[in-house]
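A quick write-up on the structure given underneath.
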Amino acid sequence: MENKNIAANQGWAQPPIEFTGIKLQSPPTMAAGFVAVKSSMSHVLSEMSLFKGMSVLNKLNQSGGIDCPGCAWPDPEKPSKLGEYCENGAKAIAEEATSKKIGADFFAQYSVRELSEKSDYWLGKRGRIVEPLILRPGATHYESISWDSAFAEIGTALNALPSPDDAIFYTSGRTSNEAAFLYQLFVREFGTNNLPDCSNMCHESSGVALSETVGIGKGSVKLEDFYNTDLILIFGQNPGTNHPRMLSALKKAKEKGAKIISINPLKEAGLMGFKDPQSPRDLLSGNSLTDLYLQVQINGDVPLIKALMHCLWYDEKKEPGTVFDWDFIQSKTEGYEDFITDLQGLDYTELCGQAGIPVRVVREAADMIRESPRMIACWAMGITQHKNGVENIREIVNLLLLRGSIGKLGAGTCPVRGHSNVQGDRTMGIWESPKASFLDKLENTFLFKAPRKHGYNVVNAIKAMHDEAGKVFFAMGGNFLSAAPDTEYTADALRNTGMTVQVSTKLNRSHLVHGETAIILPCLGRTDKDVQEGNPQFVTVENSMGVVHSSRGHLKPPSEELLSEVKIVCELAKATFQGRTKTPWDPLANDYDFIRDKIEAVIPGFEDYNKRVRKTGGFYLPNCARDASFSSIQGKAKFTVNAVPASNKAEGELAMMTIRSHDQFNTTIYGLDDRYRGILNERRVILMNKKDIKEQGFTAGQKVDLWNEYEGIRRSAKQFIIVEYDIPQGCCATYFPEANPLIPINAFADRSFTPTSKKILIRLR
Ligand SMILES: Nc1nc2c(c(=O)[nH]1)N[C@H]1C(S)=C(S)[C@@H](COP(=O)(O)OP(=O)(O)OC[C@H]3O[C@@H](n4cnc5c(=O)[nH]c(N)nc54)[C@H](O)[C@@H]3O)O[C@H]1N2
Ligand SMILES: Nc1nc2c(c(=O)[nH]1)N[C@H]1C(S)=C(S)[C@@H](COP(=O)(O)OP(=O)(O)OC[C@H]3O[C@@H](n4cnc5c(=O)[nH]c(N)nc54)[C@H](O)[C@@H]3O)O[C@H]1N2
Ligand SMILES: [Mo]
């Protein structure tokens, strides 16, 4: 799947193959500590002055301050004096609040093709985009355009489409509730539900599985549950890098007596131990976190959970009434009979083998579960991004239900979200499959006829653009090309469109692989002061635990030219509808309280929104799994029966997962180190088991091409350095997005359509 026959004004879809000088160390056994503090400061100081850096970090995750754009982990109820941020939060802030800027002058210097020959790291480090830009048909360089002309161009292109369904409106997960709500309103008034979002590639499997089993597609636990639990299971998640503030919660949970089991093919430093940079005592000794580590095979989670439940069932048979929570099972669930019949028919030893965990270790984990009346299950991408991602989560729910470990203090589900407002965006209606009840309310509030036909998710949006020309692709944030699977296929899809538009803060590869016309609309970020008609505004977001709270930027924006995302949506709506709308776009753009009043009118749980969100800490949204009412599914949580995934690996193939390094935020590359894995100054690496390296006839340090064949199509990603690593045999790991060309467009999770980024079969050459 490599396409070299592209027009001269098109950029390359993949980052250039360049080596930066790999250095290897033994991975540390603990996360954070002094080195993390040092690393935060050096990232901040490379982007801005010390004064600016300290002033922005002091406002991070404090009441009245900025919600950290780093991740969706909640703020503690009592904020710490030192500021509640982490190394990677500091990097996220440094990246956005940088003093570096780029505008038309910069783009006059480099053609799109030339820019595409630079690394993603280089592109991101150029600085904030400070004025609207356009790449006209056939042109090789972006040039300046006025806001009015940009909106007119987009409006004209949208109105020229034969059908509103020919336009696609993507959202990344940093967009505020206010901007997201108006954006989906604009899109639906325009006439389509084509609202794919980053969630489609992220926690969609969680949403699907949780909605059907416990009645709500979000997690059920609060932070206080962590401090009142007996056991925390952490599946497929690397909190030391991706949710560092979670480590403080885990540390506190342990101090209060909880145990932790980690289930992961890699012994991630942050799972094993943590030195709290805010505690002087910790900096010397640190805390070990994981009590039992299960080095599962990639996608070995279903057999593992089944093996654990098999042990529990065996114990329950021996001593009836002592292991399963019968009160809960009988009063609060259905489907137990089918579930247990299926489980009984499975072979325990075989399940352990499929998971790749020794029988006695599974037994030990089952004993820990048995001894823990209250249990929390956390998970992230190692669980959701599989063909059987939805089933993975259904099995986690089965385990919790057997033990009645949901809907009570210290117990429940904890899908740890990624982008800082990805959960809120979905609550606001950024969804290609909206519920009829939501559309009814939207219609009644804004007096228009909302489209009912469901729209494209990410995978289907790419296919639609690939197969039919003439579309308009609009992205509210993100880096669609590099985040999506099948890089070359996705690139062709974007090149096939009439127009690509990106609302962005920073330059990325999606600006360089474009439609016939391409437009960049630069916007304010979280850290920037947002003033409308002379009045300072704040926005609101929802964290991973369903708390809605405010976020207010304090910094002077990098340019007077920047508009807020809210303002961009409103101006675009006016330019597109030309009066054909009853929505008061100007008043909405001028006063975000007014937007919140409208949200309150449409979405349940937002009563008294403007008042409650002004209280310190914000407010919790209703959650029918948290209170164990399961009210949206007739009061009963569901046991489910899920097949053990078949192993389809042929001789010589490796199961590859694509993961994040410590120095990246998704496709934004902050730096070239993966300190917690001891891999420094290089991203084109493949982590392999020692035996596999030998069996395949390679040596560590050698460069190899990765390739595969899926549905008769060959794909490849070239030149990766082999790094010997502690990873189960038959498994390997590469970084995202370098390895995305290997993820076939048709390899996605059943029912959630999430690309299978954590298990791609590959071969080496
Ligand atoms: N600094 C930083 N923070 C971030 C992000 C970032 O890129 N950088 N991204 C944000 C976003 S959008 C998200 S979604 C989250 C992502 O947070 P994570 O899900 O922690 O991110 P990944 O790097 O994809 O890590 C997946 C983990 O799952 C493990 N794993 C892979 N396959 C399997 C499997 O089959 N079974 C099990 N049990 N484990 C497996 C991997 O070894 C790895 O530890 O982080 C958010 N926060
Ligand atoms: N192989 C593989 N692929 C994956 C994954 C994986 O684990 N493996 N993970 C998937 C996951 S979990 C996710 S969430 C997606 C992420 O997909 P995306 O959300 O599309 O990607 P990001 O890299 O987070 O987007 C970064 C860009 O967002 C823009 N941006 C940053 N802040 C703002 C803002 O405040 N407003 C606006 N308008 N723009 C802003 C900047 O221009 C920046 O370049 O990738 C997915 N792709
Ligand atoms: Mo994500």
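What is the chain's relative contact order, in percent, from Cα pairs under 8 angstrom and six or more apart in sequence? Over the chain, the number comes to 22 percent. Computed from Cα atoms, the angle from the helix 147-159 axis to the main principal axis of the chain rounds to 70 degrees. Rounded to the nearest whole Hz, the Karplus-based 3J(HN,Hα) values (6.51 cos²θ - 1.76 cosθ + 1.60, θ = phi - 60°) of the stretch 405-411 follow the sequence 9, 7, x, 9, 4, x, 9, with x at glycine and proline. For the stretch 671-735, the list of GluC sites (Glu not before Pro) that fall in a loop by DSSP and count at most 11 other C-beta atoms within 10 angstrom reads GLU711.
Against the criterion of solvent-accessible heavy-atom surface with a 1.4 angstrom probe, LYS567, LYS718, LYS758 sort, most first, into LYS718, LYS567, LYS758.
Packing, as the average of other Cβ atoms within 10 Å across residues, places the peptides 114-126, 318-330, 11-23, 300-312 in the order 300-312, 114-126, 11-23, 318-330, highest first. Restricting the stretch 587-670 to GluC sites (Glu not before Pro) that sit in a DSSP loop and have at most 11 other Cβ atoms within 10 Å of their own Cβ leaves GLU607, GLU651. Here the 3J(HN,Hα) profile of the stretch 712-720, calculated from phi with Karplus coefficients 6.51, -1.76 and 1.60 at θ = phi - 60°, is x, 10, 8, 10, 8, 9, 9, 6, 10 Hz, Gly and Pro shown as x. Legend: residue pairs LYS275/LYS690; LYS59/LYS582; LYS441/LYS611; LYS435/LYS598; LYS59/LYS615; LYS118/LYS218, Cα-Cα distance threshold 28 Å; pairs beyond threshold, LYS275/LYS690; LYS59/LYS582; LYS118/LYS218. Ligands, DNA and RNA left out, the accessible area of the chain computed with a 1.4 Å probe is 51% carbon and sulfur. Among the trypsin sites (Lys or Arg not before Pro) in the stretch 448-520, those located in a DSSP loop and surrounded by at most 12 other Cβ atoms within 10 Å of their own Cβ are LYS449, ARG452, LYS453.
Once the Cβ-Cβ distance between SER55 and LYS615 is put in as r, and R0 is 25 Å, what FRET efficiency do you end up with, to the nearest 0.05? In this case the efficiency is close to 0.50.
Between 0 and 90 degrees, the angle of helix 204-214 with respect to the longest Cα principal axis of the chain falls at about 50 degrees. With each label modelled as a point 7 angstrom along the Cα→C-beta vector, the ASN681-THR29 pair spans 2.8 nm. For the listed residue pairs LYS52/LYS556; LYS332/LYS408; LYS38/LYS556; LYS694/LYS758; LYS125/LYS506; LYS101/LYS567, the alpha carbons are over 18 angstrom apart in LYS38/LYS556; LYS694/LYS758; LYS101/LYS567. Taking every alpha-carbon pair in the stretch 654-764 and binning the separations at 5 Å intervals from zero gives 2, 12, 23, 24, 20, 12, 5, 1, 0 percent.
Just how far, in whole angstrom, is the stretch 447-514 from the stretch 200-235 if you go by their alpha carbon centroids? One Cα centre to the other: 29 Å. Spacing of the modelled spin labels on GLN344 and ASP291, each 7 Å from Cα toward Cβ, amounts to 3.1 nm.
Along the axis of the charge dipole computed for the stretch 204-415 (Cβ charges of +1 for Lys and Arg, -1 for Asp and Glu, origin at the Cα centre), the listed residues PRO277, LEU294, HIS310 are led at the positive end by PRO277.
For the stretch 654-764, the relative contact order comes to 37 percent (Cα pairs under 8 Å, sequence separation of at least 6).
Entry note, the chain: the mean residue ellipticity at 222 nm calculated from DSSP H runs of n ≥ 4, each adding -39500 (n - 2.57), is -9500 deg cm²/dmol after division by the residues and rounding to the nearest 500. What whole-number distance in Å separates the alpha-carbon centres of the stretch 640-681 and the stretch 708-742? Cα centroid of the stretch 640-681 versus Cα centroid of the stretch 708-742: 9 Å apart. Rolling a 1.4 Å probe over the heavy atoms of the protein chains gives the chain an accessible area of 35 Å² per residue. The largest-to-smallest principal axis extents of the Cα set in the chain are 75, 61, 54 Å. LYS449 sits among other residues whose Cβ lies under 13 Å from its own Cβ, and their net charge, with Lys and Arg +1 and Asp and Glu -1, is +2. Scalar couplings 3J(HN,Hα) for the stretch 557-562, obtained by applying the Karplus form with A = 6.51, B = -1.76, C = 1.60 to θ = phi - 60°, are x, x, 7, 5, 6, 5 Hz; x denotes Gly and Pro. Report the FRET efficiency, 1/(1 + (r/R0)^6), for GLN634 and GLU468, where r is their Cβ-Cβ distance and R0 is 35 Å, rounded to 0.05. My answer for the efficiency is 0.25. With the simple spin-label model, which puts each label point 7 Å out from Cα in the Cβ direction, the ASP586 to PHE19 separation comes to 6.2 nm.
Once the Cβ-Cβ distance of LYS556 and ILE713 is raised to the sixth power relative to R0 = 51 Å, the FRET efficiency obtained is 0.55.
Judged by the mean number of other Cβ atoms found within 10 Å, the most tightly packed of the peptides 481-490, 535-544, 67-76, 332-341 leads the ranking 481-490, 67-76, 535-544, 332-341.
The values are calculated or read from the model by the stated rules, or taken from the named source; none is laboratory data. Treat the numbers as computed from the prediction; the structure is a model and nothing was measured. Neighbour counts are summed over all protein chains in view; Cβ atoms, including those assigned to glycine, are modelled from backbone coordinates with ideal geometry. Just the protein is used for accessible areas: all its heavy atoms, side chains included, with ligands, DNA and RNA removed. Shrake-Rupley method; radii C 1.70, N 1.55, O 1.52, S 1.80 Å.
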